[in-house]
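Let me begin by presenting the structure, written as structure tokens, before commenting on it.
What follows is calculated from the coordinates using simple rules that are stated; it is not laboratory data. These numbers were taken from a predicted model, which means no experiment stands behind them. Note that we place each Cβ from the backbone using ideal geometry, even for glycine, and neighbour counts take in every protein chain shown.
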Amino acid sequence: MHREAAILLAATFALLAPALGEAQASDASDLLAERADLEQLLSLAQERNPELLAEAHRVRAAGARAKTAGRLADPVLRYQLWSAPLSRPWDAEMHMLGVEQELPAWGSRDARIRAGQAEARLTEHARQARALEVASSVKRAYFELHRADREQEIRLEHVALAQRVLELARAQYPTGRVSQQDVLRAGVERSKLQADLASLVQARASAAALLNSLVGRPLDAPLGPAGQRSPPLDPPGLEALERALSARPELRSADAAIERSEASLDATRQEARWPAFMLGVDYMLNPRSEEKHGWAAMVSFNLPWLNPRHREQVEEAESTLAADRGTREALLASARFQLRDALARLRSARDTLSLIERELLPQARQSYEAAETAFASAQGDALGLLDAERTYLQVRIDRERALAQAWISLADLERAAGLPVPLE
């Protein structure tokens with residue numbers, strides 16, 4: 001009874017599993033439509049990104065291929081008919097049925113196994129590198145989305161400020177405190193701010209479409225606003241980051257490529273040094289002989305020393321190994337440059353952000369408030385107020401761009417290091 005219940009429960013779960021998976025995916029999309037959450041986007045990208053799904057298939061294919069690297073060649077079943085007259089082809093003196101098996105050169109099979117295993121590791125590290133690249137692309141697109149959202153909010157606020165300036169100018173125009181040109185200038189400034197919103201809408205739509213493509217969603221799937229982000233903290237020093245470079249998937253993939261080439265070189269050298277053998281055994285039937293049944297054994301081997309092809313293959317394997325080692329050195333140099341470049345950009349963006357928040361933003365806000373107060377009390381002109389409002393807007397936008405650049409530089413730093421960067 002318990003067994004039947006267990007079987008029924010398992011069958012029910014198997015039937016409901018696809019529906020549950022679709023429901024979870026639908027719930028995730030619904031949550032993203034309300035708010036674009038970076039962690040959820042990163043998780044979806046690892047699960048549903050088309051490139052990563054393809055890389056996973058390549059890893060499985062490489063694993064299966066590695067298992068075949070040490071397999072022997074197919075055995076051969078052989079039948080021979082001896083001394084049969086053309087007039088009576090069935091009346092042969094002897095029938096032979098045998099089996100043959102080829103054995104590779106001594107040590108070459110183990111070397112081929114090592115090469116296949118190294119190839120499988122190389123493919124896995126390549127998948128990990130691609131996963132990091134996709135995660136970095138998700139982060140960059142997310143922070144572009146965040147920047148577009150924040151700039152849109154700021155420009156909408158400044159549209160309201162420009163509308164208030166326009167209303168003040170219109171109210172003071174009948175009294176002669178401002179000229180008609182000031183009223184028109186205020187209206188133009190408001191219209192310009194409204195026009196700038198259109199480009200931000202397009203920038204946000206592009207960032208949202210890129211994010212959707214990276215996480216395996218329809219390009220036009222709704223994506224809510226990005227949450228507020230604080231500036232990133234200080235990253236560790238360059239020396240600590242360079243020590244972690246050995247874990248970068250590209251370098252580990254290069255190490256696996258070197259191991260594969262070393263194993264292939266060993267196999268090639270063994271095949272050039274030792275012969276490959278063919279072993280066989282036969283059963284013989286002699287219908288015309290008193291001893292009707294017999295057997296035979298066979299052994300043969302090649303002579304690799306007489307064929308210059310093997311020396312040329314060794315030279316090829318040696319050159320391939322040297323190329324893989326050179327590629328590894330080039331990758332390390334490139335990774336170190338990327339690390340230094342991303343770290344410098346992150347520190348520059350943080351310094352710019354700190355300067356804006358500490359000095360420029362308070363000064364621009366105070367300048368605008370003072371100009372607005374002066375204009376409202378007929379002690380200032382519209383040109384000065386509009387200039388102060390324009391400066392205040394630009395400083396606020398520069399602050400959001402510096403913040404986005406800081407987070408993008410941190411994403412680039414993590415991509416260069418090959419792992420999450422701990423912040424202090």
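Quick look at the numbers
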item: Label-point separation in nm, GLU359 to SER43, each point 7 Å along Cα→Cβ; result: 4.4 nm
item: The stretch 244-320-the stretch 216-242 distance, computed between alpha-carbon centres (Å); result: 52 Å
item: Burial ranking of peptide ranges 299-307, 206-214, 240-248, 192-200 (average Cβ count within 10 Å, highest at the top); result: 206-214, 240-248, 192-200, 299-307
item: 222 nm mean residue ellipticity, helices alone, for the chain (DSSP H n ≥ 4; -39,500 (n - 2.57); rounded to 500); result: -25000 deg cm²/dmol
item: Listed values (1) 9; (2) 42; (3) 52, entry calculated as percent of Cα pairs over 40 Å apart; result: (3)
item: Taking the chain and dividing mean pair separation by its residue count, relative contact order in percent (alpha carbons under 8 Å, at least six apart); result: 23 percent
item: Two-site FRET efficiency, SER87 against TRP305, from Cβ-Cβ distance with R₀ of 56 Å, rounded to 0.05; result: 0.75
item: Low-density loop positions, trypsin sites (Lys or Arg not before Pro), the stretch 286-383 - DSSP coil, at most 14 other Cβ in 10 Å; result: ARG288, LYS292
item: In the stretch 63-158, the GluC sites (Glu not before Pro) that fall in loop regions by DSSP, at most 14 other Cβ within 10 Å; result: GLU93
item: Pairs of alpha carbons in the stretch 96-153 whose separation is greater than 14 Å (percent); result: 76 percent
item: Dipole of the chain, positive direction: furthest Cα of ALA297, ALA221, SER87, with charges on the beta-carbon; result: SER87
item: Percentage relative contact order, the stretch 290-424, counting C-alpha pairs under 8 Å, at least six apart; result: 33 percent
item: Residue order, fewest to most beta carbons within 10 Å, for HIS95, HIS125, HIS310, HIS293; result: HIS293, HIS95, HIS310, HIS125
